[in-house]
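See below for the structure under consideration.
What follows is calculated from the coordinates using simple rules that are stated; it is not laboratory data. Everything numeric here is computed off the predicted structure, so don't read it as measured data. Virtual Cβ from ideal backbone geometry, glycine too; neighbours counted across all protein chains shown.
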Amino acid sequence: MTSVLSVRNLTKEYPAFKLDSVSFELGQGVIMGFIGRNGAGKTTTLKSILNLVHPSSGEIRFFGLDPEKNEYEIKQRIGFSGGTVSWFKKKKIRDIVAVTKTFYTDWDDSAFEKYAGRFRIDTAKTPEQLSEGMKVKLNLALALSHNAELLILDEPTSGLDPVSREELLEIFLTLRDEGVSVLFSTHITSDLEKCADCITYIKNGRIVASCDMDRFIDSYRIVSGGTLTGEQRQAVIGECMSKKGDTRLVRKGDAALFIGCDIAVPTLEEIMVHMDKEGEQ
């Protein structure tokens, strides 16, 4: 598998938070979901990768290239969207596009027109006339319009209605089939289940897992019902309450300990909720 993005031992220290030796790798034509609760380190990781904040240590390679020595080439080959952007509020969107395109040698006017039409972006309007969701769409259209080989997107579906989210996921799948790689963070796990090939899960600044998503989900089980023995209690990773009774997350190999309990394959959301509850027990 050709590596498009390689992150090794990425560390960023703040007084109250530490991004701790984050490592993962993204291949060509792969969609990776980057997940974790608020404050886990998703945005800090993405900004560190893009040098929007300066990491304390670690190694990053785009397409095998050192970003410090090949910044211009790399930025021509990647697209980034961090949600809404504070554009010049009173400038026409078409004027903003005209300025933005000058930064890219491979800008594609027809691609922008396609995405602007699909997202129903009126380029005669100004940013102050757009809803927050439409601002997200504008930023995504710009990121998608210079034939990027890698898209890095921070919460790209945040603020979008269900139909717009579905359209964006379909775009991701089409781009993947064309060999484009996508790394995007999200809290909407159902979006990942529709399109992601793999996930990288971060918790408290450390990577919990980075692997094929189906394999990750299948490595856990949800157990409900019954009264736990001491041995069973030790096997529980996380526990949640519901009106139908407590549910517990366990590793697939430990499920055989829970004789008499209901056992099911979890959703990605159930794994996240139970794992992060573990730290609060």
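Alpha carbon centre of segment 237-281 versus segment 156-171: separation in Å? One Cα centre to the other: 30 Å. Its Kirkwood hydrodynamic radius, worked out from the mean inverse distance over all distinct Cα pairs, puts the chain at 20.4 Å. Close amide H partners of Gly238, meaning residues 5 or more places away or on another chain with modelled amide H under 5 Å apart, are Leu249.
Look at the dipole of segment 220-278 built from charges on Cβ: of Gly260, Thr229, His274, the Cα furthest out on the positive end belongs to Gly260. On the principal axes of its alpha-carbon atoms, segment 22-63 has extents of 27, 24, 16 Å, going from largest to smallest. Among Glu155, Glu269, Glu178, the largest mean-square fluctuation in a Gaussian network model of the chain, built with springs joining Cα atoms closer than 10 Å, belongs to Glu178.
Direction-averaged projected area, Cα convex hull, segment 220-278: 3.6 nm², rounded to one decimal. Averaging 1/r across all pairs of distinct Cα atoms in segment 72-229 and inverting the result yields a Kirkwood radius of 17.3 Å.
Longest stretch of the chain clear of exposed loop sites (chymotrypsin sites (Phe, Trp or Tyr not before Pro), DSSP loop, at most 14 other Cβ atoms within 10 Å, sites excluded): 89-281. Taking the inverse of the mean reciprocal distance over all distinct Cα pairs, the Kirkwood hydrodynamic radius of segment 9-103 comes to 15.7 Å. Per-residue 3J(HN,Hα) values for segment 228-243, derived from phi via the Karplus relation 6.51 cos²θ - 1.76 cosθ + 1.60 with θ = phi - 60°, read 7, 7, x, 5, 5, 4, 5, 7, 6, 7, x, 9, 10, 9, 8, 5 Hz in sequence order (x marks Gly and Pro). Under a 5 Å amide H cut-off, with hydrogens placed 1.01 Å from N, Leu151 pairs with Gly79, Ser181, Val182, Leu183 among residues at least 5 apart or on other chains. Between Ser224, Ser110, Ser158, the residue with the greatest mean-square fluctuation in the GNM of the chain (Cα pairs under 10 Å linked by springs) is Ser110.
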